[in-house]
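Notes to accompany the following structure.
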Amino acid sequence: MHNNRRCCTFVRYLVVHNMEQQSSIVRLPAFVDMHVHLREPGFSYKETIYSGTRAALRAGYSDLFTMPNLNPVPDSLPHLQEQLDIIARDAVVRVHPYASITIGQKGRGELVDFDALAPYVAGFSDDGRGVQDEDLMREAMCRCKRADSIIVAHCEVDALLNGGYIHDGIYARQHNHRGICSESEWREIERDIRLVEETGCRFHICHISTRESVEMVRQAKKKGLPVTCETAPHYLLLCDEDLREDGWWKMNPPLRSREDRDALVEGVQDGTIDVIATDHAPHAAEEKNKGLDKSAFGIVGLETAFPLLYTYLVRKDIISLDRLVELMAIRPREIMRLGAPKDFITVDLSSRYTIDSSQFVSKGKATPFNGWEVFGKVINTAL
C-alpha cells in the first residue's frame, strides 16, 4: 500500500511538472483491467488472447483479468490448462484467469474445487450469471475464504429479469422494449454483502450500474467489510436516454437512468467505487447487428477507456487525472495483490482524435462511442 501511495504522488508530480513546462506528454503507471472477455478457448471468432492482448497493449494495459465465459469453462484444472496454454503461447500482456464459481458456470448446482484451483487463478467468478441460491453462495464464500482468494461477482437475480434486455426506464417505455429492473442487480448485492458479513470473504462486485448498488457498497465499507466494486466507462458517460435502436448499445447490466449515472459518478468521486474496468466483451458483427432485442449483450472497451474518461471526466474537472490513475492502475493492483506498479506508459494528453472502431486491434468493433471526439493517446507501453 505504501509503495502505491508513493506511486500516486509520483504521478501527480510528473503531471504537474509537465503541465508547468507546457508539455502534454505524461508518464503513468500501466493500466490494469479487472474484467475482460478474451473468448479463448471456445469462441475465437469473437476474440483471441492474441488479438485482445494486442488491443490492451495498444491502450496502455499491462495486466488483464479474464472472465470464465469459455468453452470449456475453467471449472477444473484440466479445463483451466487449455486456457493457460494459450496465454503462455499468445499473450503480449499479463493475463490472469478467473475460475468459475460453479461447475459449468451455471450459477447453480455444484461448486468448483476452490482449493485445487486457487493457486492457479486470480479468483472465482460466474460472470454473466449471478449465483442464485443463497446457501450455495454462502458455501462458496466459505471455501473461497479458506483458500485465501476472492469472489468477483456478477450480481443478478434471474427471477427479476422477465425477459428484459435494456433498462426498465424511459427509453423502454417510449419504444415498447422489455426492461430489466434495477432491483435485479441491487437485490443480489444486498444478499451477498450480508453473506460477506457472515463469512469474511473478500468480495468484489462487477460492473455496478444502479444508485442503490452504490449506496449499499458505501454502507458496507463504513462497516469495514472486505467489499470492493467496479463500474465501467459506459455507465459513467451514458444513460438510457441516450439509447438507439442498435445492438451496439446493448450490454448487461444495461445503461440505467440519468439518476443512476449521476450516483455512479458520485461514487467514483468519493471513493465508494474502487475500480473502472471495461467489461470488454467482443462479439462477431452478425451477433451485434440484430437490434436491441436480438443482439448479444456486450461491447468492447479496452481501446476507448482511457481517452473517454480523460476527456469527459478529467478535462471537465469531474475527477482529477491522479484519481483516474488510481481507478485504472493503482486500486486494481491493490485489490488483486499485484504489488506496486512496475510498468509505465507514455501518454500524449493533447492528442485529439475521433474514435473509429474499424481501426481497433480487437476483433470486436461494437461500441456506442464510435465517432466521439477524445483526447489522450497512449504512445508507448513499456513492459
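Restricting the range 276-304 to residues that are out of contact with any Ser or Thr (no Cβ under 8 Å at 6 or more places or on another chain) and of a type in the set (D, E) leaves a set whose member that is most open to solvent (accessible area, probe 1.4 Å) is E286.
Given the condition modelled with pLDDT of 95 or more, open to solvent by less than 60 Å² (accessible area, probe 1.4 Å) and touching a Pro at 6+ places or on another chain (Cβ under 8 Å), answer yes or no: does some residue in the range 257-264 qualify? Step through it out loud before you land on a result.
Just the residues of the range 257-264 that are modelled with pLDDT of 95 or more, to begin with: 257-264.
Retained after the next criterion (residues that are open to solvent by less than 60 Å² (accessible area, probe 1.4 Å)): 257, 260-261, 263-264.
After this cut, where a residue has to be touching a Pro at 6+ places or on another chain (Cβ under 8 Å) as well, the list is none.
Checked against the condition, which is being modelled with pLDDT of 95 or more, open to solvent by less than 60 Å² (accessible area, probe 1.4 Å) and touching a Pro at 6+ places or on another chain (Cβ under 8 Å), the range 257-264 yields no hits at all.
Can you confirm whether D148 is surrounded by 23 or more Cβ atoms within 10 Å (Cβ to Cβ) and closer than 20 Å to P226 by Cβ?
Details: surrounded by 23 or more Cβ atoms within 10 Å (Cβ to Cβ): no; closer than 20 Å to P226 by Cβ: yes.
For D148, the condition - surrounded by 23 or more Cβ atoms within 10 Å (Cβ to Cβ) and closer than 20 Å to P226 by Cβ - is not met.
From the list Y171, Y165, exactly one residue is open to solvent by less than 60 Å² (accessible area, probe 1.4 Å) and within 22 Å of K106 (Cα to Cα). Which is it?
On the way: Y171 fails: within 22 Å of K106 (Cα to Cα).
Residue meeting the stated conditions: Y165.
Selection of the range 85-114 for residues being over 21 Å from the mean Cα position of the chain (by Cα) and open to solvent by 10 Å² or more (accessible area, probe 1.4 Å) yields D85, I86, A88, R89, D90, I103, G104, R108, G109, E110, L111, D113.
Of the helices (runs of 4 or more DSSP H) lying entirely inside the range 268-372, the ones with 1 or more residues being free of Cβ contacts under 8 Å to residues at least 60 places away in the same chain and within 14 Å of G60 (Cβ to Cβ) are found at 321-325. Return yes or no: is T354 surrounded by fewer than 23 Cβ atoms within 10 Å (Cβ to Cβ) and under 20 Å from the mean Cα position of the chain (by Cα)? No.
Selection of first residues in the range 34-60 that are on the phi > 0 side of the Ramachandran plot and modelled with pLDDT of 95 or more and of second residues that are open to solvent by less than 10 Å² (accessible area, probe 1.4 Å) and part of a helix (DSSP H, G or I), restricted to Cβ pairs under 7 Å at least 6 apart or on distinct chains, gives the following pairs, ordered by first then second residue: G60/F306.
The values are calculated or read from the model by the stated rules, or taken from the named source; none is laboratory data. Since this is a predicted model, take the numbers as computed values, not measurements. Cβ atoms come from the backbone with ideal geometry, glycine included; neighbour counts cover every protein chain shown. All accessible areas refer to the heavy atoms of the entire protein, side chains included, with ligands and DNA or RNA removed. Shrake-Rupley method; radii C 1.70, N 1.55, O 1.52, S 1.80 Å.
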